[in-house]
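Quick notes on the structure that follows.
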Amino acid sequence: MSRNNVKEILYRLIAVSLLIIGFTARADAATLQDVEQRGVVRCGVSPELPGFSAQDAKGNWSGLDVDVCRAVAAAVFNDPGKVEFTPIQTTQRFKALLEGEIDILSRTTTWTLTRDTSEDIDFAGVNYYDGQGFLVYKDLGVRTALGLGGARVCVIEGTTSIKNLNDYFVLNRMMYELKSFPGVKEAVAAYENKQCDVFSSDQSALYSILTRLKDPRGSQVLPEVISKEPLGPAVREGDDQWADIVRWSLLIMINAEELAISSANVDHVREVSRTPAIRRMLGLEGDIGAGMGLGRNWAYNIIRKVGNYAESFDRNVGKDSALKMKRGLNANWRNGGIMYAPPVR
């Protein structure tokens, strides 16, 4: 084979490779188009975690994580109902996202360095600042986590809870027996059957689980928080447009609370406000959605049809819910919390 023929073959291989790379990049960046053609946003959620994602007797989904996906649907379709919810076990959640079974993973997932850099996923924000804690039987007589030496501890497989537990017990020179289970349902059953003395998970999950125990008065959540668990939605890497849509759908809810705009008053505010930031947000000035391929009213639609972050928090996990959880760190920064969003400009 002549040198010219070899060069020609190499050039063709390079051209084909570039074509494949270009096609892959376009395919990876087409989530919005796929969602629009399909007519629904596919959202991966926890199978049953009241306050974050759970179904009622009629099959309707609700929860803090559910509202993130409804906000995206409102932004894209002006209809928060255009979401297809897929309950996913903890150990399968990243696989489902990476293989394209879902468009958003909104499933009490902790944003960590290794997940962000090695799982081929991008986190799109934080919708709940959490921390790992302990649910224990009151008859154990344990008042603090430092009294858990030798305890049998139930956890869910594939979570950050396992590493956090080991760090905590090693640091405090205590022994423990780890019992892991594939999902919340199995772990709770083991706890109620006294296979464990303790259930360890994010405190938000523990308060949710406490409401579902056969004897909720017989257990308590200990005061210690042993880790940082910033929970938030995640998307596949490689599609900046879709990541921006998911990120800013959440951030609009946070900004709306800060600006005192709610589903109840948004129409009135839209009529009378002369505040530039509000007018930009509600589609009266500029076009803040153009860079994401969204219409002028996308943010207005989120606030009107899903609500601001405070409304979502209160009805799902806060004062208007069965969980009655305090805002704590999840209060808006103006009210002493750390819930803070970049400005809309």
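The values are calculated or read from the model by the stated rules, or taken from the named source; none is laboratory data. Because the structure is predicted, anything quoted here is derived from the model rather than measured. Positions of Cβ are backbone-derived with ideal geometry, glycine not excepted, and every protein chain shown enters the neighbour counts.
Condition test on residue 288, is it surrounded by 24 or more Cβ atoms within 10 Å (Cβ to Cβ) and either within 22 Å of residue 76 (Cβ to Cβ) or hydroxyl-bearing (Ser, Thr, Tyr) (or both)? So residue 288 fails the test. Residue count for segment 278-314, restricted to those that are without any contact (Cβ under 8 Å) to a residue 40 or more places away in the chain and among the charged types (D, E, K, R): 5. If the condition is being aromatic (Phe, Trp, Tyr) and either surrounded by 17 or more Cβ atoms within 10 Å (Cβ to Cβ) or assigned to a loop (DSSP other than H, G, I, E, B) (or both), then segment 327-345 contributes only 340. Tallying residues that are in contact with a helix residue (DSSP H, G or I) (Cβ under 9 Å, 6 or more places away or on another chain), assigned to a helix (DSSP H, G or I) and not assigned by TED's automatic domain parsing to the domain that holds residue 210 within segment 106-153 yields 1.
Given the criteria at pLDDT below 95, in the same structural domain as residue 248 (by TED's automatic domain parsing), over 20 Å from the mean Cα position of the chain (by Cα) and in a loop (DSSP other than H, G, I, E, B), does residue 286 qualify?
Numbers: at pLDDT below 95: yes; in the same structural domain as residue 248 (by TED's automatic domain parsing): yes; over 20 Å from the mean Cα position of the chain (by Cα): yes; in a loop (DSSP other than H, G, I, E, B): yes.
It is true that residue 286 is at pLDDT below 95, in the same structural domain as residue 248 (by TED's automatic domain parsing), over 20 Å from the mean Cα position of the chain (by Cα) and in a loop (DSSP other than H, G, I, E, B).
You will find that of 247, 212, the residue that is out of contact with any strand residue (DSSP E or B) (no Cβ under 8 Å at 6 or more places or on another chain), among the basic types (Lys, Arg) and not assigned by TED's automatic domain parsing to the domain that holds residue 65 is 212 and no other.
Selection of segment 37-70 for residues being among the charged types (D, E, K, R) and surrounded by 24 or more Cβ atoms within 10 Å (Cβ to Cβ) yields 65, 67, 70. What residue, among those in segment 304-326 that are farther than 16 Å from residue 71 by Cα and in contact with a helix residue (DSSP H, G or I) (Cβ under 7 Å, 6 or more places away or on another chain), is surrounded by the fewest Cβ atoms within 10 Å (Cβ to Cβ)? Top of the filtered list is 320. Within segment 179-200, the only residue that satisfies the criterion of being at pLDDT 95 or above, among the small types (Gly, Ala, Ser) and buried (at least 19 other Cβ atoms within 10 Å of the Cβ) is 200.
Can residue 142 be described as among the hydrophobic types (A, V, I, L, M, F, W, C) and crowded, with 23+ Cβ neighbours inside 10 Å? Spelling it out, it is not the case that residue 142 is among the hydrophobic types (A, V, I, L, M, F, W, C) and crowded, with 23+ Cβ neighbours inside 10 Å. The residue pairs whose first member lies in segment 323-345 and is farther than 25 Å from residue 210 by Cα, whose second member is exposed (fewer than 13 other Cβ atoms within 10 Å of the Cβ) and hydrophobic (A, V, I, L, M, F, W, C), and whose beta carbons are closer than 7 Å, counting only pairs six or more residues apart or on different chains, are 339/333; 340/333.
As a summary of the residue check, residue 277 satisfies the conditions (1) over 25 Å from the mean Cα position of the chain (by Cα); (2) at pLDDT 95 or above except for the one numbered (2).
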